[in-house]
Amino acid sequence: MRLIGPNNEQLGVVPTQRALAHAQDLGYDLVEIAPNSTPPVARILDFGKYRYAEQQKAKEAKKRQRSVTWKEIRITPKIDEHDIETKIKSASKFLDEGDKLKVTVRFRGRELAHPDRGRVLLLQVADRLKDHGIVERMPLLEGRSMIMVMNPVRRDAQGAPTPPAPGATSSPAPAAGAPAPRPAPPAPATAPKPAAAAPVTAPRPATPAPAPAPVPVPRPAAAAAAPAPKPTAPPAPSAAPRKRTN
């Protein structure tokens, strides 16, 4: 058999007589804990403490178990509004106590010709009890009765924490004895991009105004010019020069 020591140490596969002798030498008992495995597994321990621990585990498991209790409310298709409010209060109390609920609609006489009225009534009851229970089986006609089954809302589901917001991230808590993870460096803040400036167009130079056309200045009227004198002809030379004698 495969032997396990009193401190959960593996002692390997040893013969049964040798394992029993080793347990007696240590002052403990040899207990077979896995007889169907190959090879069987035995452990060296105190059988009295082992049996007490198993009994405590069985008691805890029994405390957690709870017998399923069925509750039933009966209504008719022609039920009054005040009466259905009373039935709903009783049903919510049963569901809050953890019992399963069966809601039954009884049809009498010609009421069976209109089963849709009972189905609508049951769905209305389920809608009013949605905070206390959930529908396990939808309305089903069985003979002259239509039955709907509801289960109580789980307690742990009511106390469950709300999921984090879509941008928030939560890091899991470090295990005991594990080194604490280094904090991640903060992400650099990204400066918002400036809005694109509208293109600035340089002002066009003003077109110079056309120069005014020169205005002709009127010349002063010339004074009446006197008639120019006629040139006089020079005197004609003599015909023959005179000979000068000494």
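The values are calculated or read from the model by the stated rules, or taken from the named source; none is laboratory data. Owing to the predicted nature of the structure, the values given are computational and were not obtained by experimental measurement. Positions of Cβ are generated from backbone atoms using ideal geometry, with glycine treated the same way; all protein chains shown enter the neighbour counts. Each accessible area value is taken on the protein alone, full model and side chains, heavy atoms only, with ligands, DNA and RNA left out. Shrake-Rupley method; radii C 1.70, N 1.55, O 1.52, S 1.80 Å.
Each row is one residue, and each column tells you yes or no for (1) of a type outside the set (A, V, I, L, M, F, W, C); (2) over 38 Å from the mean Cα position of the chain (by Cα).
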site	(1), (2)
ALA61	no, no
THR76	yes, yes
THR86	yes, yes
SER92	yes, no
LYS100	yes, no
PHE107	no, yes
- prompt: Out of the range 48-90, which residues are surrounded by 10 or more Cβ atoms within 10 Å (Cβ to Cβ), part of a loop (DSSP other than H, G, I, E, B) and aliphatic (A, V, I, L, M)?
  reply: ILE79
- request: Tell me, please, whether a residue that is assigned to a loop (DSSP other than H, G, I, E, B), open to solvent by 70 Å² or more (accessible area, probe 1.4 Å) and among the polar types (S, T, N, Q) can be found in the range 5-17.
  value: yes
message: Could you list, ordered by first residue, the pairs with Cβ atoms under 7 Å in which the first is in the range 74-88 and without any contact (Cβ under 8 Å) to a residue 60 or more places away in the chain and the second is open to solvent by 70 Å² or more (accessible area, probe 1.4 Å), at least 6 apart or interchain?
response: ARG74/ARG106; ILE75/LYS87; THR76/ARG106; PRO77/ARG117; ILE88/ARG128
message: I need the full set of residues from the range 89-119 which are basic (Lys, Arg), touching a residue at least 12 places away in the same chain (Cβ under 8 Å) and more than 21 Å from ILE134 (Cβ to Cβ), in order please.
response: ARG106, ARG108, ARG117
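Restricting attention to the range 73-99, and to residues there that are of a type outside the set (Val, Ile, Thr) and touching a Ser or Thr at 6+ places or on another chain (Cβ under 7 Å), which single residue is farthest from MET150 (Cα to Cα)?
Taking the range 73-99 as the starting set, the residues that turn out to be of a type outside the set (Val, Ile, Thr) are 74, 77-78, 80-83, 85, 87, 89-99.
Filter again for touching a Ser or Thr at 6+ places or on another chain (Cβ under 7 Å), leaving 74, 99.
Values: ARG74: 14, ASP99: 9 Å.
My answer is ARG74.
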- line: A careful count of residues in the range 132-145 that are of a type in the set (Asp, Glu) and open to solvent by 90 Å² or more (accessible area, probe 1.4 Å) gives 1
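Among the residues of the range 144-160, what is the count of those that are among the aliphatic types (A, V, I, L, M), at pLDDT 55 or above and within 28 Å of the chain's Cα centre (by Cα)?
Going through the range 144-160 one residue at a time, the tally reaches 1.
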task: Inspect all residues belonging to the range 26-42 and state whether any of them is open to solvent by less than 90 Å² (accessible area, probe 1.4 Å), part of a helix (DSSP H, G or I) and not polar (S, T, N, Q).
output: yes
- line: Flagged in the range 94-131 as crowded, with 16+ Cβ neighbours inside 10 Å and in a loop (DSSP other than H, G, I, E, B), in numbering order, are ASP99, PHE107, LEU129
